[in-house]
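Since every read-out is calculated from the coordinates, none of them should be taken as a lab result. Not measured: the values here are computed from a predicted model. Reconstructed Cβ throughout: ideal geometry from the backbone, glycine too, with neighbour counts over all protein chains shown.
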Ligand code: SAM
């Protein structure tokens, strides 16, 4: 199977099961028009995040890595009326596109985007007593994933769901000799999760429109 075939299957699944709508499509179009890289989650992955957040009954969601807010919209739609999502983004130009997309989707009141490197904003969330969050989506710069996991645990409670994206990367994650910072960070991230007694986790490799990759899913025990 090739990426092209995976793309065809993803398109079929999106049309038959996942569903989409004008506001989600508009967000992707605005991202493209603004020159953002197409590294957002796929529609099927976005729906998975949405369903997991609903299953967890999440009222407070933390996202690390906003880009144009595509995953933010999927996640914020899982929130109840009094729910809140905080999304952390380093690039102001990404956050500006995301704010417009989120406002167009009617979610501005539920979503706060904090613009700075996440390792600066995460300590503020702890200091401000902003936790615990019910659902944490980690999807920013992969070399910092080990540090993001530590902050996620500080901002968690028993039952918090932690979802980390892009943990397979065409299988590169299995290479212990790799010097690529993203691979090194991902390997350490997975080892920390596997060895953390406060977490029960699994990791799933996936193929689809975004190629061969995978995610790790954990719950704080
Ligand atoms: N979650 C988004 C989605 O699916 O629509 C995609 C996020 S994209 C994979 C990663 C984002 O993380 C980029 O917008 C990038 O600017 C941001 N980022 C990179 N380094 C960061 C950092 N140190 N702190 C916060 N955000 C960062």
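Annotation for residue 26 and residue 154: the two label points, set 7 Å from Cα along the Cα-Cβ direction, are 3.8 nm apart. In this structure, residue 192 and residue 55 have a Cβ-Cβ separation that, at R0 = 30 Å, corresponds to a calculated FRET efficiency of about 0.75. Which of rounded, prolate or oblate describes the stretch 43-169 when judged by the alpha-carbon gyration tensor and an a/c cut-off of 1.5? Rounded is the answer for the stretch 43-169, as its axis ratio a/c remains below 1.5.
Result for the chain in a Gaussian network model with C-alpha springs under 10 Å: among 195, 69, 164, the largest mean-square fluctuation is at 195. The Cα-based radius of gyration of the stretch 103-155, divided by its Kirkwood radius, gives an Rg/Rh of 0.99. Exposure proxy shown here: for 186, 2, 72, the number of other Cβ atoms within 10 Å sets the order, fewest to most, as 2, 186, 72. Once divided by 2.2 N^0.38 Å, the Cα radius of gyration of the chain becomes 0.97. Estimated purely from DSSP H runs of n ≥ 4, each contributing -39500 (n - 2.57), the mean residue ellipticity at 222 nm for the chain is -12500 deg cm²/dmol once divided by its residues. With the Cα gyration tensor of the stretch 158-221 giving a ≥ b ≥ c as the square roots of its eigenvalues, does the rule (a/c under 1.5 for rounded; else a/b larger than b/c for prolate; else oblate) give rounded, prolate or oblate? Since a/c reaches 1.5 but b/c is at least a/b, the shape of the stretch 158-221 is classed as oblate. Beta-bridge orientation, the chain: approximately 45 percent antiparallel, per DSSP, counting only bridges with both partners inside.
A Gaussian network model of the chain, with springs between Cα atoms under 10 Å, assigns the largest mean-square fluctuation among 142, 210, 47 to 210.
In terms of its alpha-carbon gyration tensor, the stretch 1-90 comes out oblate; a/c meets the 1.5 threshold, while b/c is at least as large as a/b. A Förster radius of 30 Å, combined with the Cβ-Cβ distance separating residue 201 from residue 17, puts the computed FRET efficiency at roughly 0.70.
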